[in-house]
2 protein chains.
Amino acid sequence: MPKISNRVRILQTSRDLMNQSGAQSISTNHICEALKISPGNLYYHFKNKEEIVYALFLSFKTEFVGAFADEPEKPVSPEDFAGYYIRTLDIAFDYRFLFSGLLALLRRDDQLAAEYRALQTWTLARLSAIAAQVAEDGNLGGPGTPTQYDSIALNTWLIWSNWVRHIEISKGSSDVSRSDMVQGLHQIFDVLSGQLAPQFEAAVRAHLNQAE
Amino acid sequence: MPKISNRVRILQTSRDLMNQSGAQSISTNHICEALKISPGNLYYHFKNKEEIVYALFLSFKTEFVGAFADEPEKPVSPEDFAGYYIRTLDIAFDYRFLFSGLLALLRRDDQLAAEYRALQTWTLARLSAIAAQVAEDGNLGGPGTPTQYDSIALNTWLIWSNWVRHIEISKGSSDVSRSDMVQGLHQIFDVLSGQLAPQFEAAVRAHLNQAE
DNA sequence: GTCTATACGCCGATAGAC
DNA sequence: GTCTATCGGCGTATAGAC
């Protein structure tokens, strides 16, 4: 029965501390102190601080991509549609340090920057494809051009990827609540309001409220 | 004929450097070196680094609020409407370091945090009032409730306040072009697409393209 | 107002014993 | 794998001469 390795504990604690205070104000010393381990121990498991952040990013990426794992062919039900956003926003919350100080992190690590951008590109294409499918199902606007789907995808992405940060900025503290998150989901769907078929939108909203 | 004081030169150079590399990776030493002045000189003019950032924020605030200086009573012309966004996004670009590392800055300075939040609250109210006026002019949707205007205000604000950062994240470098900015303006109005009266929206878009 | 010189602390990272 | 000890570097900020 294997104990939890220090490598895993370092990752867990780093994520907690960085979510709380920002990635950039957490030093390797802080992490060691919180774990009651020595600096040498930490540097045995990770070459440097960037490697810790990068490992956490990979975990985020895996969870995030997994939240989209679905057959994109079929009609998109209101439950599917709401589910994408509910699940991914939960994940974004768990790794909110990534988004809060994103630009600073990307400036310090070229590899992370490249992978983040690839993930963003992938996500935008995925969101656009979902919008196109919803339109094909007859639940979104008139016969739209691909460009419109891209614009919808980008707008929802911008709100999605900045929502937790927006809450942290607006409230003084970093205690973000579940209802703050649900409010963000409604905010995302407000973008689509008037373009979604009314009964489809109502069903989506109902699912959001269940998530609360 | 008074020379430009070192105080002013410190502010100018700080803004340039911080826009380029991020507020947080620019030290007082960097600023001194760029200006060929001594640390003692800098600290004669400013108590600490936060005071520099705070002074720059005040400049931003003045310019930003000035860009909204208008009688809110009258009907809002497409030119007015486009103008608010064109002018303010230009200003946001000039002070983009504020938005790029916002959360880190607010965490380090309570006074700045309080003032930023106040400005955000003011702006959201202003945007909501403008939306209400556009609706009253018959150029926005049906008879909407105030809540809808607030939601529109928040959505446009989220895109507005994160656009420059989004560009910096998406491109590798920090060379943001004028056309990147205009694209952001269109993106903002895509949120309102389908809710604005068609001829009003067309006139607004035309003004955006002139700005390019 | 501006300079030189410097104190002090923290951070990232490594060497080498155990 | 984990520890102790430590190095070099940098960042903020101040003291005191000019």
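Each reported figure results from applying straightforward, stated rules to the coordinates on display, with no laboratory input. Model, not experiment: these values are computed from the prediction. Backbone-built Cβ (ideal geometry, glycine too); neighbour counts: all protein chains shown.
Structure notes:
- Degrees, to the nearest 10: B:198-210 long Cα axis against longest axis of chain B: 30
- Estimated [θ] at 222 nm from DSSP helical runs (n ≥ 4, -39500 (n - 2.57)) normalised by residues in chain A, nearest 500: -24500 deg cm²/dmol
- Distances from B:T28 to itself in the other copies, using label points 7 Å out along the Cα-Cβ axis, amount to 2.8 nm in increasing order.
- Per-residue mean of C-beta atoms belonging to partner chains within 10 Å, peptide B:107-120: 2
- Taking a Cβ cut-off of under 11 Å around A:S100, the surrounding Lys, Arg, Asp and Glu residues balance to a net charge of +2, with basic ones at +1 and acidic ones at -1.
- Going by neighbour counts of Cβ atoms within 10 Å, the residues B:Y149, B:Y54 line up, fewest first, as B:Y54, B:Y149.
- Degrees between helix A:178-192 axis and first principal axis of chain A (Cα, 0 to 90, nearest 10): 40
- Relative to the longest principal axis of the Cα atoms of chain B, the long axis of helix B:78-94 lies at roughly 20 degrees.
- The ellipsoid that matches the Cα gyration tensor of segment B:60-200 has semi-axes, each √(5λ) in whole angstrom, of 26, 18, 13, with the longest given first.
- In this assembly of identical copies, the label point of B:E71 (Cα plus 7 Å along Cα-to-Cβ) is separated from its counterparts by 6.3 nm, sorted shortest first.
- Backbone N under 16 Å from the A:A118 label point (7 Å along Cα→Cβ), restricted to segment A:52-87: A:54-66
- Neighbours of B:L58 by Cβ distance under 11 Å: Lys/Arg scored +1, Asp/Glu scored -1, total -2.
- Pairs of Lys in chain A closer than 30 Å at Cα, counting only those 8 or more apart or on different chains: 12
- Over all other residues within a Cβ to Cβ distance under 12 Å of B:L192, the charged ones net out to -2, with Lys and Arg as +1 and Asp and Glu as -1.
- Each residue in B:T28, B:T145 was given a count of other beta-carbon atoms within 10 angstrom of its own, and listing them fewest first yields B:T145, B:T28.
- Coarse-grained scattering of the protein assembly as shown at q = 0.08, 0.09, 0.13 Å⁻¹, given as base-10 log I(q)/I(0) from a Debye sum over alpha-carbon atoms: -0.49, -0.62, -1.24
- 7 Å along Cα→Cβ, label-point gaps from B:S170 to other copies, nm, shortest first: 2.4
- Separation between Cα centres of segment A:53-120 and segment B:26-49, rounded to whole Å: 40
- By average C-beta atoms within 10 angstrom, highest first, the peptides B:11-19, A:113-121, B:86-94: B:11-19, B:86-94, A:113-121
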